[in-house]
Amino acid sequence: MPFIAVDLGGTKLAGAVFDKDGIIRRQRLSLGMAEGTRVGKMIISLISSLAGDEVPEGIGISVPGIARHATGTVWAPNIPGWDDYPIKDEIAGAFGNKVSIVIESDRTCSMMGEAWKGSARGCRNAIFLAVGTGIGAGIMSDGRIIHGSDDIAGATGWMALSAPYLEEYRQCGCFEYYASGRGIAENAIRLLGRSDGHESFLSRIKPGELVAQDVFRAYGQNDTVAVEVLHKAVQMWGMAAANFVSLFNPEKIIFGGGIFGPAVSFIDEIKQEAERWAQPVSMRKVKFEASSLGSDAAIYGSAFLAMSASGKLSSEPEYNEHTL
């Protein structure tokens, strides 16, 4: 019987059939304008298509938000109608209660994917820092994922990294305001409003169309606005990493998400910034690395969790039903 892994994003739905060695086959769909129950039906349809005539032995789902383990519901802010969506009950209704179903946040799944088949293999203490439109972190400590009392641990975009407090931080958090994909683009737009903004390459782009990728391209041309924006982002990434190093004493910090990506070239600078702030003994031990699974990290992690919960995987990383 197959194991099915699903990675739900804000705009796409990816699925794959797995065995203990990795992906056997995969499919990918665009969500389009789907919301609410329509997204739930798309997930069930994708699982059915991947499973074919067989009943899945286990299903793992990565979601872009909070996976509430006590209820099996999901809060996904970028999907309308998913404030407390009962996806686990829907899947159990479609495939039966005997199927093992594991639902986790994308940051947790990415961390476990890297620990299973990626840059954190062999680690029992690691951080996956996911930087895309927003920022989140999967935290593995002593071989177990940290969830927190309400499954919100790792909401790293809210790290307080700069004083004094600005009202602008209220909507997304201080860290995310400066160093997420959205934050990088919006910070560039703010700087373009200065008197010398017309000298920037980025001034040729309409503010509503400017995205983080434009800032990275402009940086390659030594654009002054792009340099200032990304210098601030590097500082914030370094400070955040330093806090993780001091708090959790990880073996590795893995940088992933859409921004890493183009920001991979900054990892050495990020580490240099972290060295200024972090506990020195812990800092000397930690490695900073890019994700080796890239956009597949979350789907690998959801597969690992499904197989682990079904008892088909007992190898490192240590992760079982009791750690959920």
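The values are calculated or read from the model by the stated rules, or taken from the named source; none is laboratory data. Quantities reported herein were computed from a predicted structural model and do not represent experimental measurements. Cβ coordinates were reconstructed from backbone atoms using ideal geometry, including for glycine residues, and neighbour counts include every protein chain displayed. Only protein heavy atoms, including side chains, enter the accessible area calculation; ligands, DNA and RNA are left aside. Shrake-Rupley method; radii C 1.70, N 1.55, O 1.52, S 1.80 Å.
Under the rule of at least 5 residues apart or a separate chain, name every residue whose amide H is placed under 5 Å from the amide H of PHE288.
When sequence neighbours closer than 5 places are left aside, the close amide H contacts are ILE253.
Would you mind calculating the relative contact order of the chain from Cα pairs under 8 angstrom and at least 6 residues apart, reporting the percent as a whole number? Numbers along the way, then the final one.
Values: 670 pairs, mean separation 70.7, N = 324.
It comes to 22 percent, rounded to a whole number.
How many Å² of accessible area per residue for the chain, probe 1.4 Å?
On the way: 14720 Å² over 324 residues.
That works out to 45 Å² per residue.
Please report the relative contact order for the range 18-135, taking Cα pairs under 8 Å with a sequence separation of at least 6, and give it as a percent rounded to a whole number.
On the way: 121 pairs, mean separation 25.3, N = 118.
Rounded, it is 21 percent for the range 18-135.
From the Cα gyration tensor of the range 204-315, with a ≥ b ≥ c the square roots of its eigenvalues, which class applies: rounded if a/c is under 1.5, or else prolate if a/b is larger than b/c, or else oblate?
On the way: a/c = 3.18, a/b = 1.38, b/c = 2.30.
Oblate, since a/c reaches 1.5 and b/c is not below a/b.
Could you give the DSSP H helices of the chain that reach 20 angstrom or more along their long axis (alpha carbon positions) and whose average Kyte-Doolittle hydropathy is no lower than 1.0?
Helix filter hits for the chain: 36-51, 224-248.
Answer with one residue from CYS172, GLY193, VAL245: the one whose Cα lies farthest towards the positive end of the charge dipole of the chain, charges on Cβ with Lys, Arg +1 and Asp, Glu -1.
VAL245
Packing-wise, with mean Cβ within 10 Å as the measure, how do 249-261, 202-214 rank, highest first?
Working: 249-261: 22.8, 202-214: 15.5.
Descending mean neighbour count gives 249-261, 202-214.
Order 138-144, 65-71 from most to least packed using the mean count of other Cβ atoms within 10 Å.
Working: 138-144: 20.0, 65-71: 17.0.
Highest mean packing first, the order is 138-144, 65-71.
Could you work out what % of the accessible surface of the chain is carbon and sulfur, using a 1.4 angstrom probe and leaving DNA, RNA and ligands out of the count? Intermediate results must be reported in sequence, preceding the final value.
On the way: 7190 of 14720 Å².
The C+S portion of the solvent-accessible surface of the chain is 49 percent.
Would you grab the residues whose amide H sits under 5 Å from the one on ILE101? Only those 5+ places off in sequence or on another chain, please, with H modelled 1.01 Å from N.
Sorted by chain and number, the residues that satisfy this are ILE59.
Using only DSSP helix segments of four residues or longer, with each worth -39500 (n - 2.57), what per-residue ellipticity at 222 nm results for the chain after dividing by its residue count and rounding to 500? Don't jump to the answer; show the numbers that get you there.
Values: 10 runs with 118 residues, N = 324.
Theoretical 222 nm ellipticity from helices: -11500 deg cm²/dmol.
With θ taken as phi - 60° and the coefficients 6.51, -1.76 and 1.60, list the Karplus ³J(HN,Hα) couplings across the range 162-179 in order, rounded to whole Hz; mark glycine and proline as x.
Per-residue couplings from phi come out as 8, 10, x, 5, 10, 4, 4, 6, 4, 7, 9, x, 4, 4, 5, 4, 9, 10 Hz.
Can you give the charge dipole size of the range 1-79 about its Cα centre, rounded to the nearest 20 debye, using +1 on the beta carbon of Lys and Arg and -1 on the beta carbon of Asp and Glu?
Details: 8 positive and 7 negative charges, 61 e Å.
With only Lys, Arg, Asp and Glu charged at Cβ, the dipole is about 300 debye.
To the nearest Å, what is the center-to-center distance of the range 9-68 and the range 88-156, using C-alpha atoms only?
Cα centroid of the range 9-68 versus Cα centroid of the range 88-156: 16 Å apart.
Can you compute 3J(HN,Hα) from phi for each residue in the range 6-21, using the Karplus curve 6.51 cos²θ - 1.76 cosθ + 1.60 with θ = phi - 60°, rounded to whole Hz and x for Gly and Pro?
10, 10, 8, x, x, 10, 9, 9, 10, x, 7, 8, 10, 10, 5, 8
Size of the dipole of the chain about the Cα centre, Lys and Arg at +1 and Asp and Glu at -1 on the beta carbon, nothing else charged, in debye to 20?
So the dipole magnitude of the chain works out to roughly 320 debye.
Return the single residue from ALA115, ALA218, ALA137 with maximal mean-square fluctuation; model: Gaussian network over the chain, springs between Cα atoms under 10 Å.
ALA218
Residue separation times 0.36 nm, minus the C-alpha to C-alpha distance between SER149 and ARG124: what's the value?
Values: separation 25, 0.36 × 25 = 9.00 nm, distance 2.14 nm.
So the chain would gain 6.9 nm between SER149 and ARG124.
Which Cα, out of ILE91, LEU210, LEU161, lies furthest along the positive dipole direction of the chain (beta carbon charges, K/R +1, D/E -1)?
Positive-most Cα among the choices belongs to LEU210.
Peptides 4-15, 148-159: what's the order by average Cβ count within 10 Å, highest mean first? It would help to have the intermediate numbers written out before the result.
Details: 4-15: 22.7, 148-159: 17.0.
With the highest mean Cβ count within 10 Å placed first, the list reads 4-15, 148-159.
Using amide H atoms built in the peptide plane, which far-off residues or other-chain residues are under 5 Å from ALA153 H to H?
Distant-sequence amide H within range of ALA153: GLY148.
Counting alpha carbon pairs within less than 8 Å and at least 6 residues apart, what relative contact order, in whole percent, applies to the range 153-245? Mind dumping the intermediate values first?
Numbers: 95 pairs, mean separation 25.6, N = 93.
In percent, rounded to a whole number, it is 28.
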